[in-house]
Amino acid sequence: MPEQLELPQQGQQRQIITDSRKEETTMICKRLNLNERPVFPKRAIITAGMPYGNKNLHFGHVGGMFIHADIFARFLRDRIGKDNVIFISGTDCYGSPIMESYRKLQEGGYEGTLEDYVRGNHEGQKETLKKYGISLDFFGASALDDAGDIHKQVSGKVFKTLYDNGYIKKLSVPQFYDEEKKMFLNGRQVLGKCPIPGCSSDKAYADECSLGHQFLPSELINPISSLSGKKPVLKDVENWYFDLEHCIDMIKEYNDFLRKNTNTRKYQLETVEEFLKKPLLYVPRKYIVDLEKMSSMLPLHNLIDEEKKASVAFEFESLDDRDKAKSILDSLNIHYTSGKTLVPFRLSGNVEWGVPFPECEELNDLTFWVWPESLWAPISFTMAYLKTMGMENDLSKWWYDDDAKVYQFIGEDNIYFYSIAQTGLFAGLQISKDEKPDMEKVHLSHIIANRHLLYMDTKASSSSDIKPPTADELLEFYTKDQLRMHFMSLGLSSKSVGFKPQVFMKEENKVGVDMVLKDGNLITNVFNRLIRTCFYAIQNNCNGKIPKGEACDEIRTMAEKTVLEYERHMYNHDFHRISYVLDDFIRAINKHWVNNVKVADATGDKELRKQLIIDCFYACKIMAVLIHPIVPEGCEMFREYLNMGEELWDWNCILEPISIYVSDIESHELKYLEPRVDFFKKHECQFEVKCIDKY
């Protein structure tokens with residue numbers, strides 16, 4: 001491993017409840033069945049996929065991934081202690097997409113430098129994330145400031161380690177060249193059609209499509225230069241590649257281990273499985289005159305001839321054999337397409353705006369290709385953060401210690417890079433190529449891939465014909481809490497879902513309620529009303545003090561069930577199921593209040609009213625702990641009105657009565673709640689007769 005990744009000693013857990021309160025605390029979570037509860041690590045890194053440095057954040061960046069990562073990071077801070085959690089992300093500054101956007105901006109008269117352009121976007125992204133309450137400990141930039149300098153050092157060490165471990169090879173591969181502009185083209189400077197059969201991507205570039213499929217430049221269908229509009233030619237260029245094909249067995253082993261032993265999402269594992277096939281060529285039957293003769297001309301292969309299929313498949317043992325077969329088919333003018341498989345993963349290129357590549361074997365003046373260096377950028381950002389905290393030598397206890405775990409939230413388009421390429425790269429940093437790895441002992445990240453967050457019913461993309469709203473625009477019509485509740489509830493763990501904010505719809509397209517408001521109503525209406533009612537009841541009946549006593553068995557049993565279900569869904573990152581659990585619990589407690597207060601009013605039963613206040617304050621405290629990671633500000637306001645400290649969020653005591661947090665519950669005064677004070681607020685435009693529509 002690089003020098004920075006040496007393991008330190010294990011840190012200590014926090015202890016929130018002070019010694020003076022211990023004697024009043026009953027056995028922690030005594031009612032919970034510990035055998036049913038998931039186990040969380042002692043320390044955790046959470047990363048959220050990095051946005052490119054050429055754009056502001058659209059709603060998909062925030063709602064499709066950042067909010068989910070933030071909810072989990074906030075939960076873990078409450079669950080295992082805030083000192084044991086680091087949440088990081090940053091701007092992906094390098095690569096041809098950024099150069100291309102900058103070039104177009106210059107054509108419009110922009111006079112700033114490329115670094116000025118990236119820095120402006122970085123600061124804008126940081127500000128947007130702040131508006132949504134994304135609680136990053138560090139939001140860096142791979143090309144800027146101290147984080148950028150550290151990233152360059154880490155990149156050099158990563159290459160040296162992979163090179164020394166035998167995974168790096170130098171290959172001469174065709175690259176697109178624009179003869180009119182007299183220059184090599186990179187990434188987004190070439191547009192074409194993806195050659196992978198069945199791919200639904202609307203755009204493909206030099207060696208990858210918008211859905212993350214990887215292929216060789218020579219395979220791109222109908223390539224066009226974005227600079228000249230002409231068809232580019234291919235010229236051989238030497239670059240450094242990671243031998244990803246060699247890793248196919250270890251990735252298979254690891255994928256099987258994840259399937260049997262972890263909660264990795266099933267569709268994610270299936271996506272990885274698609275790339276772990278042997279090299280395939282598909283030849284449409286209409287191009288085959290004599291199958292036996294054609295087959296005899298190709299290198300050793302397995303012929304897959306299924307009558308009902310429109311193509312015949314040829315399966316080869318290696319990429320070299322597949323490439324020889326392609327040359328033979330090309331010479332015969334026979335059309336074919338390639339199947340998904342692992343191809344050498346390019347590490348270097350000749351893009352001027354990139355991390356400098358180490359000089360090696362007389363191959364000079366190269367830069368890192370943006371995708372591989374972006375995979376270890378979170379390590380660089382962690383180092384930059386630890387440096388600001390005076391803990392420069394602590395990196396390995398976060399990334400490579402058995403007591404720690406790294407959770408990486410991404411979009412499904414990036415599964416290839418994080419679940420395949422990163423698995424090979426990070427394993428290659430820990431073991432040499434001639435070793436047989438034990439994949440259960442190699443330290444790798446836990447990848448959480450969300451499905452597509454669509455706009456209406458179309459894939460959200462800032463480059464698509466239908467422009468989605470920016471994340472900032474949404475905040476003109478909805479509060480961040482309403483949006484956080486809504487995006488959490490969409491079920492992106494298992495399916496692609498359309499985001500349909502009605503303020504961005506034409507009037508004739510609006511059907512039913514605005515789901516953003518509906519999902520937000522659980523806190524802005526139901527929970528908000530319940531908390532206020534409890535405070536007003538205490539102020540009117542109990543002199544501003546919570547009565548002493550235990551919640552009834554019905555409420556405690558309901559709370560236990562809710563906590564267990566919530567914890568399990570959070571462990572599995574099934575955020576939409578959490579919204580169901582919260583909805584059931586909050587509405588049940590609200591019903592408990594309404595039904596019993598009627599009886600208390602009708603009978604004048606003061607004991608019933610007292611018990612009802614005890615029940616509902618206990619339930620509200622548990623609700624606040626559960627909702628705290630999702631919409632923290634209103635929960636913090638609830639804590640302040642309770643006149644209690646941060647220990648309220650400690651999961652060790654989540655089922656304990658409120659009395660354990662104070663020295664004497666009978667003398668503990670709550671903060672006075674004025675009439676019509678909201679803990680969870682609606683957007684100001686929602687109080688008008690009708691919120692102004694976008695259209």
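The values are calculated or read from the model by the stated rules, or taken from the named source; none is laboratory data. Bear in mind that the values here come from a model prediction, so they are computed numbers and not experimental data. Backbone-built Cβ (ideal geometry, glycine too); neighbour counts: all protein chains shown.
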When you check Glu412 against the structure, is it among the charged types (D, E, K, R) and more than 16 Å from the chain's Cα centre (by Cα), yes or no? no
Against the conditions (1) assigned to a loop (DSSP other than H, G, I, E, B); (2) touching a strand residue (DSSP E or B) at 6+ places or on another chain (Cβ under 8 Å); (3) surrounded by fewer than 21 Cβ atoms within 10 Å (Cβ to Cβ), where does Lys126 fall short? Just the number, please. (1)
In the stretch 311-347, what residues are part of a loop (DSSP other than H, G, I, E, B) and not hydrophobic (A, V, I, L, M, F, W, C)? Glu317, Ser318, Asn333, His335, Tyr336, Gly339, Lys340, Thr341, Pro344
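Under the condition of being closer than 15 Å to Leu386 by Cβ and among the hydrophobic types (A, V, I, L, M, F, W, C), which residue from the stretch 129-138 is nearest to the chain's Cα centre (by Cα)?
Applying the filter and picking the extreme gives Leu136.
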Taking the criterion of being charged (D, E, K, R), touching a helix residue (DSSP H, G or I) at 6+ places or on another chain (Cβ under 8 Å) and within 16 Å of Tyr241 (Cβ to Cβ), would at least one residue in the stretch 190-207 satisfy it? yes
Determine whether the stretch 605-619 contains at least one residue that is out of contact with any Ser or Thr (no Cβ under 9 Å at 6 or more places or on another chain) and more than 21 Å from Arg556 (Cα to Cα). yes
Output for the stretch 667-682, where each listed residue is surrounded by fewer than 21 Cβ atoms within 10 Å (Cβ to Cβ) and touching a Ser or Thr at 6+ places or on another chain (Cβ under 9 Å): His668, Asp678, Lys681, Lys682
Helices (runs of 4 or more DSSP H) (entirely within the stretch 415-505) containing at least 1 residues that are buried (at least 20 other Cβ atoms within 10 Å of the Cβ) and of a type in the set (D, E, K, R): 480-488
Gln268 is checked against (1) within 29 Å of Ser494 (Cβ to Cβ); (2) out of contact with any strand residue (DSSP E or B) (no Cβ under 7 Å at 6 or more places or on another chain); (3) assigned to a helix (DSSP H, G or I); (4) in contact (Cβ under 8 Å) with a residue 60 or more places away in the chain and fails just one. What number does that condition carry? (2)
List the number of the failed condition for Ser579; all other conditions in (1) among the polar types (S, T, N, Q); (2) farther than 30 Å from Val406 by Cβ; (3) touching a Ser or Thr at 6+ places or on another chain (Cβ under 8 Å) hold. (2)
Is it fair to say Ser432 is in contact with a His (Cβ under 6 Å, 6 or more places away or on another chain) and among the small types (Gly, Ala, Ser)? no
Restricting the stretch 628-661 to residues that are among the hydroxyl-bearing types (Ser, Thr, Tyr) and over 15 Å from Asp78 (Cβ atoms), the residue that is surrounded by the fewest Cβ atoms within 10 Å (Cβ to Cβ): Tyr641
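Pick from the stretch 344-358 the residues that are among the aliphatic types (A, V, I, L, M) and at pLDDT 90 or above: which of them is surrounded by the fewest Cβ atoms within 10 Å (Cβ to Cβ)?
Looking only at the stretch 344-358, we keep the residues that are among the aliphatic types (A, V, I, L, M), and these are 347, 351, 355.
Filter once more, keeping what is at pLDDT 90 or above: 347, 355.
Details: Leu347: 25, Val355: 28.
Per the stated criteria, the residue is Leu347.
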For Ser331, the lone unmet condition from (1) surrounded by 13 or more Cβ atoms within 10 Å (Cβ to Cβ); (2) more than 18 Å from Val343 (Cβ to Cβ) is (1)
Under 6 Å by Cβ, and 6 or more places apart or on different chains, what pairs join a residue from the stretch 643-672 that is assigned by TED's automatic domain parsing to the domain that holds Asn540 with one that is outside any helix (DSSP H, G or I) and hydroxyl-bearing (Ser, Thr, Tyr)? Ile660/Thr25
